[in-house]
1. Looking at ALA204, ALA226, can you tell me which residue is within 22 Å of VAL71 (Cβ to Cβ), buried (at least 23 other Cβ atoms within 10 Å of the Cβ) and within 15 Å of the ligand (Cβ to nearest atom)?
2. Under 6 Å between Cβ atoms, at least 6 apart or on separate chains: pull out the pairs that start in the range 220-246 with a residue that is farther than 16 Å from LEU75 by Cα and end on any residue that is among the small types (Gly, Ala, Ser) and in a loop (DSSP other than H, G, I, E, B).
3. Taking the range 229-269, which residues are within 9 Å of the ligand (Cβ to nearest atom) and more than 17 Å from the chain's Cα centre (by Cα)?
4. Within the range 99-108, is even one residue part of a strand (DSSP E or B) and either closer than 20 Å to GLU288 by Cα or in contact with a strand residue (DSSP E or B) (Cβ under 8 Å, 6 or more places away or on another chain) (or both)?
5. Condition check: surrounded by fewer than 16 Cβ atoms within 10 Å (Cβ to Cβ) and in contact (Cβ under 8 Å) with a residue 60 or more places away in the chain. Does ASN146 satisfy that?
6. Take the conditions of a type in the set (A, V, I, L, M, F, W, C), within 16 Å of the ligand (Cβ to nearest atom), buried (at least 19 other Cβ atoms within 10 Å of the Cβ) and modelled with pLDDT of 95 or more and apply them to CYS219. Does it pass?
7. Is it true that some residue in the range 83-96 is free of Cβ contacts under 8 Å to residues at least 40 places away in the same chain, within 16 Å of the ligand (Cβ to nearest atom) and not in a strand (DSSP E or B)?
8. Enumerate the pairs (first residue in the range 167-186 and free of Cβ contacts under 8 Å to residues at least 60 places away in the same chain and on the phi < 0 side of the Ramachandran plot; second residue anywhere and near the ligand (Cβ under 6 Å from one of its atoms) and polar (S, T, N, Q)) with beta-carbon separation below 7 Å, excluding pairs fewer than 6 apart on the same chain, so at least 6 apart or on different chains.
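The values are calculated or read from the model by the stated rules, or taken from the named source; none is laboratory data. Everything quoted here is computed from the prediction, not taken from an experiment. As a convention, Cβ positions derive from the backbone with ideal geometry for all residues, glycine included, and neighbour counts pool all protein chains shown.
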Amino acid sequence: MHIENEVKYDFSDVLIKPKRSYYTSRKEVDLERDFKFKWSNLSWKGVPIVAANMDTVGTIGSAEVLSKHKVLTCLHKFHTADELLKISSGIKKNVAITIGVAEGLQTLYDLGEQIKDFNFICIDVANGYTEQFCDFIKLARSEFENKIIIAGNVCTPEMTEQLILSGADIVKVGIGGGSACITRNVAGVGIPQLSAVIECSDAAHGIGGMVMSDGGCTCSGDISKAFGANADFVMLGGLFAGHDENSETITENKISGEKTVEFYGMASSTALEKYYSDNKRKDYKASEGKLVSIPYKGTLENTLLDLLGGVRSTCTYIGAKKIKDISKCTTFVCVNHQINNIYT
Ligand code: 5GP
């Protein structure tokens, strides 16, 4: 047994210190970034905010809206090849096809020649620490040499490096911080998200890879903090859920008139029962997600514009002209710890 005494930080433990800035208007801020990747020789230009591959978030309807603003969608993994092929061509460049290790590469093979229209593959497992996962990334890289591969989740620098060396261009970082996640209660496992991103991005950038901060953003300020911590991409679940484009059922309270939507983790019993009807996993697998009721929020575009406005605002407070400059201009001030510490 070993205890690490160094304090680890979550988004709520810090604020970003304002700095002298030349930018007076949010309009002057450029939220798009040009990306080149370690393994794939494709490039991508867009706003590096990403809809999570949850069936209440990463739908084709969400992608249609987000793609207009050059925001990426990791589609949930239950889309069939036929459904993926029907996506209009402009949007295909701004979505990732998600697969898991258990299902293998079949969906990708089923797309045949047409896979050329898609840029991104997202390989998503709850626990990215297994050897089998690394082998699967190696296989995906050898079969789809040119695709931009996103893989995760992990939350430590050594494993971030390992996934990149196995063939991932972008590593999804985050265990236990999701709004519909109960891993920290069920398994007692996780790392506070801000520190995880700082440490994993440092490791990834050292070998030419990138990270996607995944989970724990509750407002636009958290998105800016993730970029401040040096995330290349920031993935959102709950913030993008509850909209017309990704809600199956909207419930209205007859007395208060309040409208709500069901939002659940992809490892919750709700999702397991929906997609694995025989639910063989039940015998040995504890649910690591929960079902919550969240407010219905209307159109996704309005929420997106609010969130982007928030990130633009951060940039004007700290003197960052581009999203890529946020980390260089960030000094975090600790607010929730007794230690009077500044994390630059
Ligand atoms: P949010 O933005 O809602 O805080 O977090 C979204 C992230 O939570 C997802 O991208 C995914 O990594 C994680 N997540 C989604 N469903 C589950 C689940 O059932 N269990 C756990 N442990 N994490 C989940």
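1. From the options ALA204, ALA226, the qualifying one is ALA226.
2. GLY228/SER327; ASN230/SER327
3. If the condition is that a residue be within 9 Å of the ligand (Cβ to nearest atom) and more than 17 Å from the chain's Cα centre (by Cα), then SER268 is the only one that fits.
4. The answer is yes; a qualifying residue exists.
5. Yes.
6. Criteria not met by CYS219.
7. No; the residues of the range 83-96 include none that is free of Cβ contacts under 8 Å to residues at least 40 places away in the same chain, within 16 Å of the ligand (Cβ to nearest atom) and not in a strand (DSSP E or B).
8. VAL173/ASN153; ILE175/ASN153; ILE175/THR183
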